[in-house]
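The structure appears right after this line, and notes come after that.
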Amino acid sequence: MTTVKVKFRPSTVEGRPGTIVCLVTHRRITRQITTSYKVFPHEWDEEQSKPIPADNNGRTAIVQSITRKLRSDMERLDAIIKRFENRRHSYSSDDVVAEFRRAGGENSFFNFMENAIVRLRQLNHIGTAKNYSAALGSFKQFRGNGDVSIDSIDYILMEDYQAYLISNGLVPNSISFYMRILRAVYNRAVEQGLTEDRRPFRTVFTGMEKTLKRAISINDIRRIRNLDLSLKLGLEFARDLFLFLFLCRGMSFIDAAFLKKSDIQNGVLSYRRHKTGQLLHIKAIKQIEEIINRYSNKDSPYLLPVIIRPGRDERKQYETALRRVNKSLKIITEMIQLPVTLTTYVSRHAWATIAKSKNVPVNVISDALGHDSITTTQIYLASIDSTVIDRANELIISDLQ
């Protein structure tokens, strides 16, 4: 039996961080893997053998990053040991350590992607970092936590991964989601000269399969607005937030969650999109002001009660609120039997579709949504609703009758 333990070795120099090491023991022979991870004594939990974020001294993100990397290393060691055990040949702790070092050098795909995720978090691209983590987690499951060198990424491996995803019931767009993220990381490695481009993604699906997205009408919006939810406060708040997003030209929920009272000046609401950083200005019309006044909290700097504990894990508060609001919107969908399940994102679809039906120019819709280009808006609108095309078809075939 082989065991792996994580230990902390304090620095011999006072005031300097110590080093985290992994001890691999097989048949009573122990070998040490000295990591590059450095933490201070107060950042180490001896009882649980893991790093712990200390005070908000700027090192919290660093310690969290070390924790994730250490967890990845442990998963990799576990996979290596399992492979040795399954071969049913004798091996030593030296063999385990050698294999770990061989697969985990600078050319390790897992390590390279972990570093890309850390960088995204440092840039505060939290949503993108989560997507990258999900893709890496999926790829690790496919590999049985066995790392692979960047040079070993080829079209055969990617075809095998695609087959694995299909066997697990993933639809084409979900497969493409993972593949495009892995391709972005691989391309970054190519740009940095870590490998030559072997175009490993050329035979797998990285496109977008069109899905039918039925948008709700202005009559549906009116029905949602007129619902009497005064005795169901949770549903009422979700409904009002949905309307707020719609009234604010299909604003994204994350942008609404972080709006501050200081963002309204002289009757104009100004904010930067979290996704693109683009600055948008919206006239705070009467209906918008009514919703704001209904939920205004004089003790909070925020416009809406989504972030209710300012300065305390605000991202988690936003994510919890998003789940809660979408759950309530689903109940509202069933109450009035809408043609599509309501989510905060449906308000954006609805605004764009209704604007298009009113013959609002595409460039105006593009500016309103905060898209980077009109091309993005055209693709967006094309995927939302097919009812116009359906009506045209009915008009044509009516002559056959």
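Rounded to the nearest 20 debye, the dipole magnitude of the chain is 580 debye, with +1 charges on Lys and Arg beta carbons, -1 on Asp and Glu beta carbons, and the Cα centre as origin.
Listed values for the range 76-93 are Karplus-derived 3J(HN,Hα) couplings in whole Hz (6.51 cos²θ - 1.76 cosθ + 1.60, θ = phi - 60°), namely 5, 4, 4, 5, 4, 5, 4, 5, 5, 5, 5, 6, 6, 10, 5, 8, 10, 5, and x replaces Gly and Pro.
If R0 equals 45 Å, the separation of the Cβ atoms of LYS7 and ARG309 corresponds to a calculated FRET efficiency of about 0.80.
Only protein atoms count toward the accessible area here, which uses a 1.4 Å probe; on the range 3-105, the carbon and sulfur part of that area reaches 47 percent. For the range 109-192, relative contact order (Cα pairs under 8 Å, six or more residues apart, normalised by length) works out to 35 percent. Excluding ligands, DNA and RNA, the accessible surface per residue across the chain is 57 Å² with a 1.4 Å probe. The relative contact order of the range 197-299 comes to 16 percent, based on Cα pairs under 8 Å that sit 6 or more residues apart.
Length gained on full extension, GLN287 to SER262, computed as 0.36 nm times the residue gap minus the Cα-Cα distance: 7.1 nm. When the residues GLU209, GLU75, GLU43, GLU236 are ordered by accessible surface, computed with a 1.4 Å probe over the protein chains alone, the sequence from largest down reads GLU209, GLU75, GLU236, GLU43.
Exposure check, 1.4 Å probe, all protein chains in place: PHE244 carries approximately 0 Å² of accessible surface.
For GLN278, nonlocal amide neighbours, meaning residues 5 or more places apart or on other chains whose placed amide H falls under 5 Å from its own, are ARG273.
Here the 3J(HN,Hα) profile of the range 357-369, calculated from phi with Karplus coefficients 6.51, -1.76 and 1.60 at θ = phi - 60°, is 5, 8, 6, 5, x, 4, 5, 6, 4, 4, 5, 5, 7 Hz, Gly and Pro shown as x.
Summing Cβ point charges (Lys, Arg +1; Asp, Glu -1) relative to the Cα centre of the range 3-105 gives a dipole of roughly 460 debye. Taking a ≥ b ≥ c as the square roots of the eigenvalues of the Cα gyration tensor of the range 38-135, is the shape rounded (a/c under 1.5), prolate (a/b larger than b/c) or oblate? Because a/c hits 1.5 or more and a/b fails to exceed b/c, the range 38-135 counts as oblate. Note on THR276 and HIS89: their simple-model spin labels are 5.7 nm apart, each label 7 Å out from Cα toward Cβ. Site pair ARG222 and THR60 shows an inter-label distance of 4.8 nm when each label is modelled 7 Å from Cα along Cα→Cβ.
Remind me, relative contact order of the range 31-182 in percent, using alpha carbon pairs under 8 angstrom and six or more residues apart? About 19 percent, as a whole number. State which entries of LYS232/LYS327; LYS5/LYS130; LYS283/LYS316; LYS7/LYS38 exceed 18 angstrom in Cα-Cα distance in the structure shown. Pairs exceeding the cut-off: LYS5/LYS130; LYS283/LYS316. Label-to-label distance, LEU231 versus MET74, with points set 7 angstrom from Cα along the beta-carbon direction: 5.1 nm. Ligands, DNA and RNA excluded, the heavy atoms of PHE258 present near 50 Å² of accessible surface to a 1.4 Å solvent probe. Using heavy atoms of the protein chains and a probe of 1.4 Å, the accessible area assigned to MET251 is about 0 Å². The phi torsions of the range 340-350, fed into the Karplus equation with coefficients 6.51, -1.76 and 1.60 and a -60° offset, translate into couplings of 9, 5, 5, 9, 4, 6, 4, 4, 5, 4, 4 Hz, rounded to whole numbers, with Gly and Pro shown as x. Sorted from longest to shortest, the spans of the Cα atoms of the chain along the three principal axes equal 80, 63, 39 Å.
The values are calculated or read from the model by the stated rules, or taken from the named source; none is laboratory data. These numbers come from a predicted model, not from an experiment. With ideal geometry, Cβ positions are generated from the backbone for all residues, glycine too; neighbour counts draw on all protein chains shown. We work out accessible area using only protein heavy atoms, side chains counted, and drop any ligands, DNA or RNA first. Shrake-Rupley method; radii C 1.70, N 1.55, O 1.52, S 1.80 Å.
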